[in-house]
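The values are calculated or read from the model by the stated rules, or taken from the named source; none is laboratory data. Just so it is clear, the model here is predicted, and its values are computed rather than measured. Cβ coordinates were reconstructed from backbone atoms using ideal geometry, including for glycine residues, and neighbour counts include every protein chain displayed. Accessible surface is based on the protein model in full, side chains and every heavy atom, while ligands, DNA and RNA are left aside. Shrake-Rupley method; radii C 1.70, N 1.55, O 1.52, S 1.80 Å.
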Amino acid sequence: MAEDLRDDPHPRFTSQLFGHEAAERLFLEAVNQDRIHHGWLLTGPKGIGKSTLAWRIAKFLLSIDPSSGKVGDDGLFGDELPKAKFETLSLDEDDPNARKVVSGGHGGLMLVERSENENTGKLRKDIVIGDVRKLTGFFSQTASEGGWRVAIIDAADEMNANAANALLKLLEEPPAKSIIILVAHSPGRLLPTIRSRCRSLAMKPLPDDSVRAVLASRFPNIPNDELEAAAVLARGAPGKAVDLISKSGIDLYRQLASALVTLPNVQMPAIHTLAGKLGAAKADAEYHLFIEMFSVWLQRLIRQLVTGEHAADVMAGESEQISRISSLARVDQWMELWEKVGRLVTRADAVNLDRKQVIVSIFASLKATVRS
C-alpha cells in the first residue's frame, strides 16, 4: 500500500488521513455506541480529504467480521451494543478485506460516480439516475462477503434531479446492514430532504503543516521550495496540493507569475504561446489547473486589497507585487474581472469553446481592467 500511495492518487489507495482526527472520532463514537446512521454526509471544500475519509470508513466497516464478536451479532443496525471499543479507523496493511477494497474486488462495496456516456465515450457532467439505480440491486442482495454493504457517492452534489430523487427513496427506506456515504463539495446543491436524512460530518481545510505532511508522504524527494509553494497554493486542500505537484502545477504558476509581473503591460505574444500549449488537445488537466490558479491569484489580490493583510508568498516578494498590481484598478473592477472570468470559463466548458482563445481573452480582460 505504501507504493500505491505514491503511484496512484485515488483515495482508495491512501493509507493515511491527516488533520481530520475529530471527524474520525465522531464516526468511531457512533460505531462504539451502536448508533451508526444509514446515511453519512461528508462536506467541505474539494481536496481536503473527504473522499479519503469515505474510503477509510468503507475499509474499516468491511473489515469487521460479523462472526468474530467484535460488533453485535445483529449487525450494524441491530439492537446489541458493540462488544469491542474501536479507537481508530486504521487497519493493518495486510488486512485481506482492505486489500480487496484497494484492488476493487470487494463485493460489499459500490462506488457511484459520474459514468461514461455510451454514445459519446466521454464522462458525463452529472451523476444520472442509472448510476444511482444500480444501488437498488446492490442493496437487495445479501452481502457477498457476509458483512456490511457500503456505498460511496462521490460527489453527491453532482447528481442530477432524477438521480437525487432515486437516492432519496433509498434513504427513506434504508436497507439493513448497509450504509451510504455521500461526499459533497457543495452540500447546498443537495435536496434538503437528502441532507436531513444523513448525519453530517463537516470537514474543514487543513493547516499548512498537515498539507506539508501529506505531500512529504506522497513525494518523499520533493524539493522544499516546491513543497512550500504547493502548501500555500492549496489553501488547506492536500488533494489540490498533490495535483499541483503531480501535474507540474508549480511550474505553471511560475509561468503565470511571470506573465503578471509586467502589469500594467501584458506581453501578448508570450500569452499566445502559453495559450497554445494550454489549449492543446492533450493539455486538459494543465488548462483547468492554470484556470484555477489564475482564479486563486485573483482571489488573493482581492482579499489583500480589501483586508490589507498580506497572504503568504508562493514566490519571493509576491505579496508586495500583488499590492502593486492591486493598486492599478479599483476593488469593484477586480471583482468584475473575477466574475467575468468565471462566466467565460463556465461557458467555455459548456459549449467547448477554443481553450486557447479562452486564455487570450482572460489576459485581454486583465489588460483592459488595469488600464481602465
Review point. Does anyone have the angle between helix 331-351 and the longest principal axis of the chain? Alpha-carbon axes, 0 to 90°, nearest 10?
Key: 60
Study note, to complete from the structure: Per-residue accessible area, 1.4 Å probe, largest first, puts T120, T14, T142, T193 in the order T142, T120, T193, T14
Check your understanding: Given a 1.4 Å probe and the protein chains all in place, what does the accessible area of W338 round to, in Å² to the nearest 10?
Key -> 100
**Study point:** Estimated inter-spin distance, A202 and S103, nm [label 7 Å along Cα→Cβ]
**Key:** 4.2
Review point. Looking only at G130, G47, G249, which one moves most when the chain is put into a Gaussian network model with springs between Cα atoms under 10 Å?
Key: G130
Point to revise | Rg over Rh, two decimals, the chain (C-alpha only, Kirkwood Rh) | key: 1.02
Revision key, fill the gap. Out of N160, N352, N224, a Gaussian network model of the chain with alpha-carbon springs under 10 Å gives the largest mean-square fluctuation to N352
Review point. For all pairs of alpha-carbon atoms in the range 85-124, what percent lies in each bin of width 5 Å, listed from the first bin to the last filled one?
Key: 6, 18, 15, 16, 15, 12, 8, 7, 4, 1, 0
Point to revise | Dimensionless Rg over Rh [the range 263-372; C-alpha; Kirkwood] | key: 0.97
Study note, to complete from the structure: In debye to the nearest 20, the charge dipole size for the range 205-340, taken about the Cα centre with +1 at each Lys and Arg Cβ and -1 at each Asp and Glu Cβ, equals 240
Point to revise | Charge dipole (the chain, unit charges on Cβ, about Cα centre) - positive-most of S63, L41, A161 | key: A161
Point to revise | Per principal axis, descending, Cα span of the range 218-274 in whole Å | key: 38, 19, 18
Exercise for review: With a point put 7 Å past each Cα toward its Cβ, work out how far A281 is from V331 in nm, to one decimal.
Suggested key: 4.7
Exercise for review: Could you tell me what percent of the accessible area of the chain is made up of carbon and sulfur, with a 1.4 Å probe and every protein chain present?
Suggested key: 50
Study note, to complete from the structure: If unit charges are put on Cβ atoms (+1 for Lys and Arg, -1 for Asp and Glu) and the dipole of the chain is taken about its Cα centre, the option from V242, L298, T142 lying farthest towards the positive end turns out to be L298
Check your understanding: Highest GNM mean-square fluctuation, the chain, Cα pairs closer than 10 Å: which of H310, H37, H106?
Key -> H310
Practice item. Please turn the phi angles of the range 186-203 into ³J(HN,Hα) values with the Karplus equation 6.51 cos²θ - 1.76 cosθ + 1.60 (θ = phi - 60°), one per residue in order, whole Hz, x for glycine and proline. Key: 10, x, x, 7, 7, 4, x, 5, 6, 4, 6, 9, 10, 8, 9, 10, 7, 10
Practice item. Taking DSSP loops as anything outside H, G, I, E and B, show the longest stretch in the chain free of trypsin sites (Lys or Arg not before Pro) there with at most 12 other beta carbons within 10 Å. Key: 126-281
Practice item. Would you check the accessible area of E309, probe 1.4 Å, heavy atoms only, in square angstrom rounded to 10? Key: 130
Check your understanding: What does the helix-only formula give at 222 nm for the chain: each DSSP H stretch with n ≥ 4 adding -39500 (n - 2.57), the total divided by the residues, and the result rounded to the nearest 500 deg cm²/dmol?
Key -> -16000 deg cm²/dmol
Point to revise | Pairwise centroid distance, computed over Cα atoms, of the range 119-158 with the range 166-234, Å | key: 18
Check your understanding: Quick one: Kirkwood hydrodynamic radius for the range 135-179, alpha-carbon pairs, angstrom, one decimal?
Key -> 11.5
Check your understanding: If the viscosity is 0.890 mPa s and the temperature 25 °C, what Stokes-Einstein diffusion coefficient in µm²/s follows for the range 241-286 when Rh is the Kirkwood radius over Cα pairs?
Key -> 213
Review point. If you add up the charges near A202, with Lys and Arg at +1 and Asp and Glu at -1, over every other residue whose beta carbon is less than 12 angstrom from its beta carbon, what do you get?
Key: +4
Practice item. Can you tell me the alpha carbon radius of gyration of the range 160-285 divided by the globular rule-of-thumb value 2.2 N^0.38 Å? Key: 1.52
Exercise for review: Sticking with the crude label model, points 7 Å out along Cα→Cβ, report the distance from N162 to R124 in nm, one decimal please.
Suggested key: 0.8
Review point. Using unit Cβ charges (K, R positive; D, E negative) and no other charged atoms, how large, in debye to the nearest 20, is the dipole of the chain about its Cα centre?
Key: 1220
Revision key, fill the gap. Averaged per residue, the 1.4 Å probe accessible area of the range 224-362, protein heavy atoms only, in Å², is roughly 48
Check your understanding: So how do D92, D34 rank on accessible area, 1.4 Å probe, biggest first, that is with the largest at the start?
Key -> D92, D34
**Study point:** For the range 77-214, the spread of Cα positions along each principal axis, largest first, Å
**Key:** 46, 44, 33
Study note, to complete from the structure: One checks the Cα atoms of the range 331-372 and finds Rg and Dmax, in Å, of 10.7, 31
Check your understanding: How long are the semi-axes of the ellipsoid equivalent to the range 162-226, from square roots of 5 times the Cα gyration tensor eigenvalues, in whole Å, largest first?
Key -> 37, 14, 11
